[in-house]
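The next block holds one structure in the form of structure tokens; read it before the comments.
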Amino acid sequence: MHSYAEAAAAVTAARSVAVVGHVRPDADAIGSVCATVGALRQLGKEAVGLIGQTWPYAENLRTIPGAEEVQLVEELPDVDLIITVDCGSIDRTGRLAGAIAARVEDTLVIDHHASNVGFGAVNLLDFQAESTTTILGRLFEELGVELDLPIAHALYAGLLTDTGSFRWGRPEMHTYAARLMETGLDVRAIAVDLLDANSLADLRMIGRALASVEIHEAGGRRLALIVADQELVSSGSLPAVEGLVDFVRTVEGTDLGAVFKESAPDFWHVSLRSVDMDVSRLAVALGGGGHIPAAGYSAHGTAEDITDALLAELRRQ
């Protein structure tokens, strides 16, 4: 891992920068992209925010200042420096992965996922950080960036959501949140935008999903599982579907929660959550990655196939 000073030096040397967040972005990804673009422009750099996919991301993320400018693309622009934020591996940059791999020497990786081995010339990795926006806050101090309201909003969005509304993390996360709030943030409005806004269709989808929860046992662990097929996934908004895992994580007497979300026939995105086990190890073994309490991966096969694969890995671990 490289130092904050080395990361700051890479930024300082660049005139034009592409900031890349991960595909299927969450608030930490979009918040990190928007905050970094804002900080770079404040420093007099040319900066653009990119996501390597062509399909839209969750509408509620557009409440983060600067999100409307984030471009959905398949190609990298001609820039001096590429900064990836919140991307646990190069494949998480989606359709930009090949172009980034070809320009490793011009890439700065900023991330907090425990599974990240580093894929840039400079890798600013902090596995203790609650969010990538937490790392960015410290880097911005190193660069002398002024913490204005739009940047603070974007940073807070990542911190709020990646800590489960401050339910896990170090004591420092509260100090950091307080510093961001001192800029005048309306934290209640941010929470409503990112966490609390559900439509009637969302509530009905959540009800159907929760009624289908299954309990499995493997390797001395109990797993609460929701299998959300394409029909169920399409009946609610993306934030509501992604939030299902926070319900199953809390089932009494279980060690972890999982949600299988079918995005195409027999193609699934899997979310894992736990309060007392390292689910990143499970995700890495199954081709994904993530944090100790929250991780994910993608899988092909029937619902029975991917359930069996997850249970088998639980037994191995």
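The values are calculated or read from the model by the stated rules, or taken from the named source; none is laboratory data. Given the structure is predicted, the values throughout are model-derived calculations rather than measurements. Cβ coordinates were reconstructed from backbone atoms using ideal geometry, including for glycine residues, and neighbour counts include every protein chain displayed. Accessible surface is based on the protein model in full, side chains and every heavy atom, while ligands, DNA and RNA are left aside. Shrake-Rupley method; radii C 1.70, N 1.55, O 1.52, S 1.80 Å.
What are the pairs with Cβ atoms under 6 angstrom where one residue, in the range 14-33, is among the acidic types (Asp, Glu) and the other, located anywhere, is open to solvent by 10 Å² or more (accessible area, probe 1.4 Å)? Sequence gap at least six, or different chains.
Pairs found: Asp28/Asp162.
Looking at Asp28, is it of a type in the set (Asp, Glu), open to solvent by less than 50 Å² (accessible area, probe 1.4 Å) and either more than 25 Å from Phe127 (Cβ to Cβ) or outside any loop (DSSP other than H, G, I, E, B) (or both)?
yes
Determine the pairs where a residue that is of a type in the set (Asp, Glu), located within the range 193-222, has a partner that is assigned to a strand (DSSP E or B) with Cβ atoms under 9 Å apart, the partner being 6 or more residues away or on another chain.
If the second residue must be assigned to a strand (DSSP E or B), the pairs left are Glu214/Leu223; Glu214/Ala224; Glu214/Leu225; Glu214/Ile226; Glu214/Val227; Glu217/Leu223.
In the range 301-317, which residues are assigned to a helix (DSSP H, G or I) and touching a helix residue (DSSP H, G or I) at 6+ places or on another chain (Cβ under 8 Å)?
Selection gives Leu310, Glu313, Leu314, Arg316.
Mind listing whichever residues of the range 215-250 are part of a helix (DSSP H, G or I) and either out of contact with any Gly (no Cβ under 6 Å at 6 or more places or on another chain) or of a type in the set (Gly, Ala, Ser) (or both)?
Gln230, Glu231, Leu232, Val233, Leu238, Pro239, Ala240, Val241, Glu242, Leu244, Asp246, Phe247
Please indicate, with yes or no, whether at least one residue in the range 181-190 is under 30 Å from Ser235 (Cβ atoms) and buried (at least 18 other Cβ atoms within 10 Å of the Cβ).
yes
Take the residues of the range 275-287 that are buried (at least 21 other Cβ atoms within 10 Å of the Cβ) and in contact (Cβ under 8 Å) with a residue 24 or more places away in the chain: which is farthest from Val117 (Cα to Cα)?
Leu282
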